[in-house]
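**Student:** Below are the structure tokens for one structure; questions will follow.
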Amino acid sequence: MMIKINNVSKSFDGVRAVDNVSIDIEYDFSVVISGPSGSGKSTLLRLIAGLETPDNGTIEINGKCMSAPGLALPPHKRRIGYMFQSHALWPHMTVLENIRFPLYDISSDEATKRAKLLLDRMEILHLADRKPDTISGGEARRVALARALAPKPEILLMDEPLSNLNHALKKEMLDLITQWRSETRSTLVYVTHEEQEARHISSSLFRMEKGTLTEDLASDVWK
């Protein structure tokens with residue numbers, strides 16, 4: 001078992017964003033979560049990442065408790081990569097520095113080498129010394145993906161990472177994500193409203209509404 005979420009809830013200002021959710025996500029699975037805005041999808045991802053602490057319930061990764069009421073081990077202790085809806089790049093850092101940022105546990109030379117290899121794979125090595133505000137939106141998404149992959153995470157969490165990209169760029173990014181998945185056999189939890197993305201990525205499709213999560217066995221979320 002890779003991720004085990006057991007009866008997890010989270011409320012904000014008395015409103016329950018995640019309501020008694022339980023799900024087991026196996027190793028080498030890609031799970032897509034769909035649902036309307038405000039349904040709790042992003043909160044669930046943040047709970048898995050350790051960016052939020054549950055009010056009740058537990059989250060285990062590889063058999064170790066990572067989250068419980070009053071406990072949330074940080075993302076770097078969970079071997080998790082996180083890609084936000086916005087690219088969320090550090091504006092004062094170069095592209096290369098942004099990708100090196102999570103590589104604090106290896107030597108500087110090795111971090112630079114790994115970052116450049118990822119930039120080359122994303123076909124943006126020529127942007128290494130540029131600042132985020134001087135590159136296009138599509139290029140920024142590639143940098144954000146490279147940064148998420150840089151620590152070689154066992155789990156990748158993606159919160160509508162391809163929104164507002166055109167069809168061609170979205171297809172390229174989806175191909176990069178699925179290629180990475182096939183090579184690393186890592187676990188992916190992917191939040192999206194888009195049918196194209198869901199069908200391209202999903203091993204299992206789930207629907208979230210009003211904080212509750214259900215598996216879409218009929219795959220009719222989009223109807």
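What follows draws every value from the coordinates through simple rules; no lab data is involved. Only a predicted model underlies this, so the values are computations on that prediction, with no experimental measurement involved. Cβ placement follows ideal geometry from the backbone for every residue including glycine, while neighbour counts extend to all protein chains displayed.
**Student:** Out of Thr58, Ser107, Thr184, whose Cα points farthest toward the positive end of the dipole of the range 51-197 (charges: +1 Lys, Arg; -1 Asp, Glu; placed on Cβ)?
**Tutor:** Ser107
**Student:** Residues with beta-carbon under 14 Å from that of Arg79, excluding Arg79: net charge, scoring Lys, Arg +1 and Asp, Glu -1?
**Tutor:** Counting the neighbours of Arg79, the net charge comes to +2.
**Student:** Kirkwood Rh and Cα-based Rg: tell me the resulting Rg over Rh for the chain, rounded to two decimals.
**Tutor:** Here the Rg-to-Rh quotient is 0.96.
**Student:** While we're here: Counting Lys and Arg as +1 and Asp and Glu as -1, each charge on the Cβ, what is the dipole of the chain about the Cα centre in debye, to the nearest 20?
**Tutor:** In debye, rounded to 20, the chain gives about 340.
**Student:** Right, next: Using Cα pairs closer than 8 Å and at least 6 residues apart in sequence, work out the relative contact order for the range 80-152, in percent.
**Tutor:** 50
**Student:** Consider just the alpha-carbon atoms of the range 41-103 and return their Rg together with their Dmax, both in angstrom.
**Tutor:** 13.7, 40
**Student:** Please express the Cα-Cα pair-distance distribution P(r) of the range 1-106 as a list of whole percents, one per 5 Å bin, running from 0 to the bin with the greatest distance.
**Tutor:** 2, 11, 20, 22, 18, 13, 9, 4, 0
**Student:** Moving on. Can you give the Rg and Dmax of the range 80-152 based on its C-alpha atoms, in angstrom?
**Tutor:** For the range 80-152, the Cα-based Rg and Dmax read 10.9, 30 Å.
**Student:** Mind listing the long-range amide H neighbours of Leu156? Cut-off is under 5 Å, sequence gap 5 or more, other chains count too, H placed in the peptide plane at 1.01 Å from N.
**Tutor:** Gly81, Thr187, Leu188, Val189
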